[in-house]
1. Which net charge results for the neighbourhood of Val184, defined as the other residues with beta-carbon distances under 14 angstrom from its beta-carbon, given Lys and Arg at +1 and Asp and Glu at -1?
2. Could you derive backbone 3J(HN,Hα) for the stretch 60-75 from the dihedral phi with the Karplus parameters 6.51, -1.76 and 1.60 (θ = phi - 60°), listing whole Hz in sequence and x where the residue is Gly or Pro?
3. Rank Leu155, Leu179 by accessible area, highest first, at a 1.4 Å probe radius?
4. Need the C-alpha centroid separation for the stretch 175-201 versus the stretch 55-116, integer Å.
5. Might you work out the accessible area of Trp123 for me, using a 1.4 Å probe with all protein chains in place, and round it to the nearest 10 Å²?
6. How would His82, His175, His144, His182 rank on accessible area, largest to smallest, probe 1.4 Å?
7. Identify, among Ser132, Ile106, Pro162, the residue whose Cα sits farthest towards the positive end of the charge dipole of the stretch 76-201, taking +1 on the Cβ of Lys and Arg and -1 on the Cβ of Asp and Glu, with the dipole about the Cα centre.
Amino acid sequence: MSTIPVGISTSRPIAHLKIDEERGRYGMWLLILTEGCLFVDLFFSYFYVGNRTHRWMEETAPKLHYVLPMLAILIASSFILHIFGEKQLKKGNYGMARLGVVITIIFGLGFLVLEGLDFREHWPHTNFMSDSYGSVFNTILSFHAAHVIVGLLMLGYVLFLPFGPVDKTPYRPLHNASLYWHFVDVVWIFVIIILYLPPNL
């Protein structure tokens, strides 16, 4: 007479709880909320210090010839990641989905190159040690660059996951990485609106 080991069920398989499928997305939204609060604090410090110190030297307005193409690159990368990444993956077009992730990563690297050129251009007169303005300005830009790098690392991780049938598809990781990448893009829009446009008006 055979016995069934304790803990082994002979009934239908246990269904995955919804939380198992959604917890990654909730976690990413919480991360984005936390990082969003960080940038809100940085932008607040930009306005606060700017109104309360005589060392807010803004004699040379930051140039726009790098940051506007950088904005176009990030917006295009978000579009590509959504249309040619996530949507194609859901349709089962795995090759196109992988290509969308690759193109997004290339765009992100191009953004970092332009950001490095922008740093090099304003560094002689606006840096961490120049004055309060330079310190806050470069802190915000450095934090954003760090977030771009983190976003690229997330996309790189997703890129090396196996693209295949539904039970192996990296849709959830790609969706979560996409949320973070879109967040990085939105932050850059605020960086331009707050840090770059007013001094040039």
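1. Values: positive: none; negative: Glu35, Glu115, Asp185.
Around Val184, the surrounding residues sum to -3.
2. Coupling constants for the stretch 60-75: 10, 5, x, 6, 10, 6, 9, 6, 5, x, 5, 5, 4, 5, 5, 5 Hz.
3. On the way: Leu155 0, Leu179 25 Å².
From most exposed to least exposed: Leu179, Leu155.
4. First find each Cα centre; the distance between them is then 11 Å.
5. 110 Å²
6. Values: His82 75, His175 35, His144 0, His182 55 Å².
These residues rank, largest area first, as His82, His182, His175, His144.
7. Pro162
The values are calculated or read from the model by the stated rules, or taken from the named source; none is laboratory data. Given the structure is predicted, the values throughout are model-derived calculations rather than measurements. Note that we place each Cβ from the backbone using ideal geometry, even for glycine, and neighbour counts take in every protein chain shown. Side chains included, ligands, DNA and RNA excluded: accessible areas come from the protein's heavy atoms. Shrake-Rupley method; radii C 1.70, N 1.55, O 1.52, S 1.80 Å.
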